[in-house]
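The values are calculated or read from the model by the stated rules, or taken from the named source; none is laboratory data. On a predicted model such as this, the values are computed, not experimentally measured, just so you know. Because the Cβ atoms are built from the backbone with ideal geometry, glycine has one as well, and the counts that use them run over all protein chains shown. Note: areas computed on protein heavy atoms with side chains; ligands, DNA, RNA excluded. Shrake-Rupley method; radii C 1.70, N 1.55, O 1.52, S 1.80 Å.
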Amino acid sequence: QLVESGGGLVQAGGSLRLSCGASTRTFRINAIAWYRQAPGKQRELVAAISSGGSTDYADSVEGRFTISRDYAKNTVYLQMNSLKPEDTAVYYCNYHPVPGPYWGQGTQVTVSS
């Protein structure tokens, strides 16, 4: 099971770092992605990182967000800078490109204007 943490309330222009951890070997050998879901909207892909470290970003976060992974800690991070009110959402991590069937609680990110 993947566990997200690190969300919070921040002003526009601020930064947050999200963490996604798991204790399984599957996590280490698979691509992992961050997804988000804003109220009234569908869940969308934010950023992904392959098992080898290659990254991909949604156009809306390119240049502001950075995804990375620490193999020793079995953790994937999402560094979010220059946050905007439209980044407000619940953020989830899951496998990529095909998410697993179980979604965690997610972590709430709220950006005030």
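If you go through the range 78-113 and keep only what is of a type in the set (Ser, Thr, Tyr) and open to solvent by 60 Å² or more (accessible area, probe 1.4 Å), you end up with 82, 102, 113. Checked across the range 76-94, the condition of being among the β-branched types (Val, Ile, Thr) and farther than 17 Å from residue 1 by Cβ holds for at least one residue. Number of residues in the range 2-17 that are in a loop (DSSP other than H, G, I, E, B) and either at pLDDT 95 or above or more than 11 Å from residue 93 (Cβ to Cβ) (or both) equals 6.
Looking at the range 18-38, which of its residues are among the small types (Gly, Ala, Ser) and either over 16 Å from residue 72 (Cα atoms) or in a strand (DSSP E or B) (or both)? 19, 21, 31, 33, 38, listed by residue number.
Just one of the numbered conditions (1) among the hydrophobic types (A, V, I, L, M, F, W, C); (2) open to solvent by less than 30 Å² (accessible area, probe 1.4 Å); (3) touching a helix residue (DSSP H, G or I) at 6+ places or on another chain (Cβ under 8 Å) is not true of residue 12: (2). The residues in the range 47-66 that are at positive phi and either open to solvent by less than 70 Å² (accessible area, probe 1.4 Å) or within 11 Å of the chain's Cα centre (by Cα) (or both) can be counted, and the count is 1.
Considering the range 20-36 alone, what residues qualify as being in contact with a Phe, Trp or Tyr (Cβ under 7 Å, 6 or more places away or on another chain), crowded, with 17+ Cβ neighbours inside 10 Å and without any contact (Cβ under 8 Å) to a residue 60 or more places away in the chain? 34, the sole residue that qualifies.
Rundown of residues vs (1) farther than 17 Å from residue 105 by Cα; (2) of a type in the set (Gly, Ala, Ser); (3) over 16 Å from the mean Cα position of the chain (by Cα), yes/no style:
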site	(1), (2), (3)
4	no, no, no
8	no, yes, no
14	yes, yes, yes
21	no, yes, no
29	yes, no, yes
42	no, no, no
45	no, no, no
